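Enquirer: Before anything else, here's the structure in question.
The values are calculated or read from the model by the stated rules, or taken from the named source; none is laboratory data. Predicted, not measured: the structure shown is a model, and the values here were computed from it. Here the Cβ positions follow ideal geometry from the backbone for every residue, glycine too, while neighbour counts run over all protein chains shown.
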Amino acid sequence: MINWKALGQLIYVRMREYSREPEVLFWAFIFPLLLSSGLGIAFRDRAPDKAYAAVIRSDGAPAVVAALRASGFVQAELLDETEARRALRRGKVSLILRLTGGAGGYEYQFDPLRPDGKLARTMVDQVLQQAAGRTDKVPTRDAIFSEPGARYIDFLIPGLIGMNLMSGGMWGVGFTIAEMKVKKLLKRLIATPMRPTDFLLSIMASRLIFMFIEVGTLLIFGALAFGMKIRAPLLEVLAIGGLGALTFGSMGLLVAARAERIESVMGRMNVIMMPMFVFSGVFFSAERFPAATQPLIKALPLTALNDSLRAAINEGTPWAGLAVPLLILAGWGIISFAVAVKRFRWV
Amino acid sequence: MTIAIRCQDLRKRYDNKVDAVSGIDLEVGVSQCFGLLGPNGAGKTTTVEILEGLLEPTSGEVEVLGRRWREPGAHLRERLGITLQETRFSEKLTVRETLRLFKSFYRKSQDLTQVLDSVSLIDKATTLVAKLSGGQKQRLAVACALVGSPEILFLDEPTTGLDPQSRRQVWDIVRRFQTQGGTVLLTTHYMDEAERLCDQVAIVDHGKVIARGSPRALIHSLGGDHVVEFSVAANAAGELDQARMLAIPSAIQCRREGELHQLTVREAHVAIPALLELLRRDHYELSSLTTRHASLEDVFVNLTGRHLRDD
Ligand SMILES: Nc1ncnc2c1ncn2[C@@H]1O[C@H](COP(=O)(O)OP(=O)(O)OP(=O)(O)O)[C@@H](O)[C@H]1O
Ligand SMILES: [Mg+2]
């Protein structure tokens, strides 16, 4: 039987403490907004850059430079051999073009490992070949694909929501409990008739309330500032967020279950969260890691949360389509919670 | 006398090596104020926390209000108020918010304003805990212990580190609780606190009770109620002879601490003239002389040869 009055008070004081903690509010709410606007603007989709090329000074070179410039695709400049090499090394140009006497032949110098090098080679080559009279055998046409759901910001915001739920859950629960323990506040609470379950419930309920605010601000911000579209029902997105909040809250509880010192809790927390920041696809897709590591990466709770959020928000994938990641996420939560409750020490 | 707290042959060993409590028996009557007096590390906190049901004893029996901690349906926590030796309440909550939280755990509880008033924190009700002084924090801790209308109040070093005025405020709260029929168990290493507040004290050292009784009876057991403290100038001829001092009429005991001689006497007005006469005859130059009532501190020093506190 729950003591509702006690539960209400326990949740109320958590909210109160938070509202008087400006740094926490900043990191939980303002920072993700700043980060997403910054990254959203830096990686906004724009017309592809021109290719930058250096043409080594020789007879006939100025004419080639003029032809390249006239194409509108290539920014070319006339340089000495040494200047040109320096420009290539420094990334000012992506390609060096040398006229190899005789039959109007050309030599391309570029670093094949640099994507811009290959791109510049293709573009310069095409301009020069067309100028020399090559015609396309098959007609082609470019269609621009940049609709909401496929842009970087659409990828980023669900990732930031996931990251926020992870750090909010782990810090919000783990750090709070460790601090209460060090201050002997847990011992003082357990010396009252307070039911331990009410206490744990209040911690988890507070996480859920914060989840609404955290997920809500980022989604609203994404929609207003970047015209992001939420394709799944809002309820589904919030439920996924709620599951994430509870799972990471439970992991925080587990980390703090036997804590004696705040520092050791902070250390353990970083060890757990760091790999997920890197591997779970917050800022770039986790699919880019080698195929052999994919099963491991997919088993991480943050990967499961991010994948589910992205699928729901950007593609409108319904519940059934998310069974696997949601089960992985819930598994982490249930196991962490069970072990945490078993290991928990109040004094 | 109805017994509120009883323990028998209580033992606690930490980590299989430190014997913090080695066989303590206590009996505290209802509406008594009982003090556990002892130096640092004596085992006071360990003992109370076992009585409070926060620690498991290694062995021994504990009964609080006639019930055992493991007994189902005892609801003991509803009936006890506790302050720990060290609790730091959440700094980001106000006094009233903190107290309201504690109130919410109890089925039967006191009015918030009334409790705040009784610990003189009513004008600090909306102040954040972070902004309270040490004495105010301690009174908040006592308020949190009182808010559930307890039958027994456990206070672990309620006044350590407080200034004299704050200590007196805490004493007043404890006395008021006791006059309303409440039972108090407190620990302290201030002898004056024990003397003023407690009906009964047990002096604890190295996990054992080395003396017990009312403060008055314990002091009386020294044989003399007064202590004459004096020192003599260093240029005097040789050391003062202990045996000759004990020959002073009504002297019971003689002890020396550095330059200070302490003579426990039954009657100061008999002993002091004799002492002065002895010093004059042997050409000792007196550099200080004071008399005071014997205290529990003297009882402790007498029993152990050590002081309760290092300072
Ligand atoms: N959790 C623990 N683990 C190991 N040893 C402990 C623990 N708690 C206390 N002790 C040891 O048990 C002994 C008694 O400690 P306790 O805290 O009961 O003393 P105390 O009388 O309350 O002292 P103080 O006046 O300093 O508060 C000490 O030697 C202490 O070092
Ligand atoms: Mg202690």
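Enquirer: Considering B:ARG280, B:ARG216, B:ARG244, B:ARG212, which residue is modelled with pLDDT of 90 or more, charged (D, E, K, R) and part of a helix (DSSP H, G or I)?
Expert: When all the criteria are applied, what remains is B:ARG216.
Enquirer: Here's another thing I want to ask about it. Please identify the pairs in which a residue from the range B:112-129 that is without any contact (Cβ under 8 Å) to a residue 24 or more places away in the chain has its Cβ atom under 6 Å from the Cβ atom of a residue that is of a type outside the set (Ser, Thr, Tyr), counting only partners at least 6 apart or on another chain.
Expert: Within 6 Å, the pairs are B:ILE122/B:LEU116.
Enquirer: Within the range A:1-46, restricting attention to residues that are among the aromatic types (Phe, Trp, Tyr) and exposed (fewer than 12 other Cβ atoms within 10 Å of the Cβ), which residue is farthest from the other protein chains (Cβ to nearest Cβ)?
Expert: Ranking the qualifying residues of the range A:1-46, first place goes to A:PHE26.
Enquirer: If we only count helices (runs of 4 or more DSSP H) wholly inside the range A:129-235, which ones have 3 or more residues that are buried (at least 19 other Cβ atoms within 10 Å of the Cβ) and more than 14 Å from chain B (Cβ to nearest Cβ)?
Expert: Those helices (runs of 4 or more DSSP H) span A:152-169, A:196-226.
Enquirer: Also: How about the range B:29-66: which of its residues are within 13 Å of chain A (Cβ to nearest Cβ), within 16 Å of ligand 1 (Cβ to nearest atom) and at negative phi?
Expert: B:THR45, B:THR46, B:VAL48, B:GLU49, B:ILE50, B:LEU51, B:GLU52, B:LEU54, B:LEU55, B:GLU56, listed by residue number.
Enquirer: For A:SER308, which of the numbered conditions (1) closer than 30 Å to A:VAL182 by Cβ; (2) buried (at least 21 other Cβ atoms within 10 Å of the Cβ) fails to hold?
Expert: Of (1) closer than 30 Å to A:VAL182 by Cβ; (2) buried (at least 21 other Cβ atoms within 10 Å of the Cβ), only one is false for A:SER308: (1).
Enquirer: Here's a follow-up. Where residues in the range B:80-111 are of a type in the set (Ser, Thr, Tyr) and either without any contact (Cβ under 8 Å) to a residue 12 or more places away in the chain or in a helix (DSSP H, G or I) (or both), which of them is nearest to the other protein chains (Cβ to nearest Cβ)?
Expert: The residue in question is B:SER104.
Enquirer: Limited to the range B:13-53, what total is found for residues that are away from ligand 2 (no atom under 13 Å from the Cβ) and in a loop (DSSP other than H, G, I, E, B)?
Expert: Number of matching residues: 7.
Enquirer: Also, quick follow-up: Out of the residues in the range B:66-77 that are closer than 22 Å to B:GLN32 by Cα and of a type in the set (D, E, K, R), state the one that is surrounded by the most Cβ atoms within 10 Å (Cβ to Cβ).
Expert: B:ARG77
Enquirer: Let me ask you something else. Any residue at all in the range B:192-199 that's within 12 Å of chain A (Cβ to nearest Cβ) and either farther than 24 Å from A:SER202 by Cα or among the polar types (S, T, N, Q) (or both)?
Expert: no
Enquirer: Also, I was wondering about something else. Working only within the range B:39-65, note down all residues that are surrounded by fewer than 17 Cβ atoms within 10 Å (Cβ to Cβ) and among the basic types (Lys, Arg).
Expert: Matches in the range B:39-65: none.
Enquirer: Starting from the range B:182-204, keep only residues that are among the small types (Gly, Ala, Ser), then list their pairs with residues that are within 13 Å of ligand 1 (Cβ to nearest atom) and modelled with pLDDT of 95 or more whose Cβ atoms are within a distance under 6 Å, requiring at least 6 positions of separation or different chains.
Expert: B:ALA194/B:GLY35; B:ALA202/B:LEU36; B:ALA202/B:VAL209
Enquirer: Which condition number does B:LYS137 fail, the rest of (1) more than 16 Å from ligand 1 (Cβ to nearest atom); (2) assigned to a loop (DSSP other than H, G, I, E, B) being met?
Expert: Going through (1) more than 16 Å from ligand 1 (Cβ to nearest atom); (2) assigned to a loop (DSSP other than H, G, I, E, B) one by one, B:LYS137 breaks only (2).
Enquirer: Then there's this: From the list B:LYS137, B:LYS208, B:LYS131, which one is farther than 18 Å from B:THR98 by Cβ and of a type in the set (Lys, Arg)?
Expert: B:LYS208
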